[in-house]
Every structure is written in structure tokens, then in C-alpha cells.
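First up is the structure itself, then whatever we jot down about it.
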């Protein structure tokens, strides 16, 4: 019965995706049908209980979106982009790296690749084009940066889903996630645009004044509160951190911002992600009740390790093409349990990165589709084809991190190595800029 129900769930996923149902609605319908097959009735209490399974993640995404909308409305994101373009125009490769991090920041805050593309990715696009990137390369870089930003700390919903599924605290993920995302994004940005970049033709004279400094207060508050919370000096959680920072952003903007309107805008933009989280919670509850979840875990525990590595490297991203959050929940949790003996934090981090790759894969191709819209391309196909080599490299890197998780965890725990490698990448970029400027 469990095997039949498992294939029924997978079949419904593909059918509803082909029919272009919203993914949140798809999860809800699959949960309803599965529950009806198992219990021969629809017990609403089971679905409601499952809907609240990822309530922490729902609050985190909603408040994070409130924060990103608030600082976007205040003009902070635009000011950062213009300041970077003006200050580092003489070193275009350094500007390329800094703008890549800016493009990532939306995903780091919201935990959503599409939200990142539409906010910080859209802000970064004019900077990328001003230093010589065409629409295709800018779109590829924005899409990949947004996906990597979605996986980077502090908000990684895929990792949160995996942690809640195995009752593991979301603690100690900061540096493993930074290792997997920041150097990767910087190296990929140099591969994509390193040869094409040039000094911007037009430069604005951007200066800091008292009003501009006030705009940065909510960002600084968010960083300070996150650091204090991570060290246990305060314990208010990410949702409260983002909420307080949003309030400060609205107050410091110098304009009469309607808090209610900003909240509604944030809710509208985050609703697809919230619906997916609620739907995934329902499905996991039904899968647990029916024994399907236990079937998956039990079978994976007896797979040979070599087969497991191949399966996680291909299965998690391909399932993530339907939903990266669903992939993290349905496959990520049993895979984490199957890779016994390794470092759980690093394994969960790598699996979340594999799931995140799914946002760029068809049929949904969420990040690539939105990125194509932002850069003005008619189809996401060009962005997807140009991204394939980099996605393959990220997938191999993730699987290697899982295989050698015990050894790499000690290396990844050392923050000095991380910042040292990041510094080397920046020094390399600056050195190339200096060499090119001397030639001219």
C-alpha cells in the first residue's frame, strides 16, 4: 500500500506540474487525495496540524520579505548599488564581485530565489550591464547568485525544513553554508563576466550625507541583532529580528510609509513560498501517517553508499525542479538519515544546496524564468543552457561535501580559512584590474 501511494504522489506531482497548477495548491491537492486513499475520509485536523509543521519557516519568510520590501521602498538597495558603481568603477572586476554579493543578499534575507531576483537581482542588473555584461550573462549570474543566496545564511528554508523533519536544531549552519555559497558565487561570477567587464562609461558622484547614513540603520540593526542572537546573548529569533528591522526601516526612510501597505506587499510577494511551505507540511503529515515516509527512509538506509551518492546528486535537484522545498522535505530528510556517520550539519547544508539547484531546472525553472523577465529576454532557455556547466559543478561540489563531510566539517568550522579564501579571490580580481588598467 505504501509503495502504491508513493508512486501515486510522484505521479500527481508531475501531472499537476504539467497542468501548471501553483505548487502550493498542488501540495494541498496531493495531501487531500493521499489522505482520502489512506483513511477513506478527509480529516481536516490532520491537514491543519501539518500546515503548522513549518510555522517557524513561514514566519521567517514573511518577516524577511517585509524587511526587504521596507529597505527597497526606503531607497537603500538603490543607494547601495549606485555607491558601489561609483566607488569601484575603476576596478570593474572588483565591482563585479561586490555586485554579485549584492544580488545574493535578497536570497540570504528572504530564503527565496525568485524574491531575490525580483529585488536585489533587479537592482544589480543595471550595474552588470554598465560594466559590459550582455543580457544573457547578466541573467545567468543573477539567477545563480539568487539561488546561492537562497542557500546562504541566515535564512535557508531548505535546511530549516530538513532540520524540523529530523528534530535537529538549526544551529551551526552559518559557516558550512557560507563555505558552500560565497566562494562558489565569486568564482562563478569571474568565470561568467571576468573577460567582458570594463569600466562604466558614466559615473555618478555619490556621496554620503546624514540622510543616507540613516538609511543604513535598519541593515546595521539586522546584522547586530543576528550576531547577538547567534551567540546566545539575546534569544528573539529571526522573525522578530526581521520584524524589528522592518519597523526601523519604515521609520528611518524619512517618508510617510504605510506599514499596512508594506505588509500587504510583502505578503503578496511571499505568498507562493508560504503556500508551498504549508502544502509541504500537509503532505509530510499525510506521508508520516500513511507510512510512505517510513518506507522511503527504511529503503534508503539499506542502499549501498555508492548508489546513495549518485541518487542524491541527481534525484534531489531533479525533484527540486518541481519544488526545492518539497525536495528538501520528501528526499532531503531520508537522505540525511541514510548518510549515517557523517557530519549532519554539513550533509544537510549540501543537500539543501542540491535542492536549491532545482529552482533553475525545467519544468518550473523558477529562478531562470524570473531572471529572464528581469533582464528582458523572451525565454529562460538561454539562461538555463548557459547555467548548466556551473550547476553541474555545484552539484559535484555538494556531493563531494557529503562524501567527505566528517573531514571537511573540521576545515569548514574554521572561519579564518573561509575569509582567507574570499580575500584571495578579491585580491586576484583587483590584480587583474590593475594589470588591465596599466595596459590601457
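Simple spin-label estimate for residue 268 and residue 385 gives 3.6 nm between the two label positions (7 Å along the Cα-to-Cβ direction from each Cα). Label sites at residue 406 and residue 234, each approximated as a point 7 angstrom past Cα along Cα to Cβ, lie 4.1 nm apart. Treating r as the C-beta distance of residue 90 and residue 136 and R0 as 35 Å, the FRET efficiency rounds to 0.85. For residue 378 and residue 41, the difference between the fully extended length at 0.36 nm per residue and the C-alpha to C-alpha distance is 116.7 nm. Once C-alpha pairs closer than 8 Å and six or more residues apart are averaged by separation and normalised to the residue number of the stretch 71-174, the relative contact order reads 27 percent. Mean sequence separation of contacting Cα pairs (under 8 Å, at least six apart), scaled by the length of the chain, corresponds to a relative contact order of 26 percent. Remark: the residue 129-residue 396 segment gains 93.1 nm on full extension, using 0.36 nm per residue and subtracting the alpha carbon distance. Between the stretch 323-381 and the stretch 132-196, the C-alpha centres lie 11 angstrom from each other.
In whole angstrom, note down how far apart the Cα centers of the stretch 23-48 and the stretch 56-72 are. For the stretch 23-48 versus the stretch 56-72, the Cα centre distance is 28 Å.
Classify the stretch 297-416 as rounded, prolate or oblate, taking a ≥ b ≥ c as the square roots of the eigenvalues of its Cα gyration tensor: rounded when a/c is under 1.5, otherwise prolate if a/b is larger than b/c and oblate if not. Because a/c hits 1.5 or more and a/b exceeds b/c, the stretch 297-416 counts as prolate.
Using 1/(1 + (r/R0)^6) with R0 = 25 angstrom and r between the beta carbons of residue 55 and residue 251, what's the FRET efficiency to the nearest 0.05? That pair, residue 55 with residue 251, gives E of 0.35. Looking at the square roots a ≥ b ≥ c of the eigenvalues of the Cα gyration tensor of the chain, which shape do they give, rounded for a/c under 1.5, prolate if a/b is larger than b/c, or oblate? It is prolate, given that a/c is not under 1.5 and a/b is the larger ratio.
From the square roots a ≥ b ≥ c of the eigenvalues of the alpha-carbon gyration tensor of the stretch 1-46, which class results: rounded (a/c under 1.5), prolate (a/b over b/c), or oblate? It is oblate, given that a/c is not under 1.5 and a/b is not larger than b/c.
Helical runs assigned H by DSSP (4 residues or longer) give the chain a calculated mean residue ellipticity at 222 nm of -24500 deg cm²/dmol, each run adding -39500 (n - 2.57) before division by the residue total.
For a paramagnetic label modelled on residue 191 (point 7 Å from Cα along Cα→Cβ), amide N atoms under 18 Å away belong, within the stretch 338-362, to 353-361. Taking a virtual spin label 7 Å from the Cα of residue 1 along the C-beta vector, which residues in the stretch 21-40 bring their backbone nitrogen under 18 Å of it? Those under the cut-off are 31-40.
Values quoted throughout were computed directly from the atomic coordinates according to the rules given, and no laboratory measurement underlies them. Quick caveat: nothing in here was measured; it's all calculated off a predicted structure. Because the Cβ atoms are built from the backbone with ideal geometry, glycine has one as well, and the counts that use them run over all protein chains shown.
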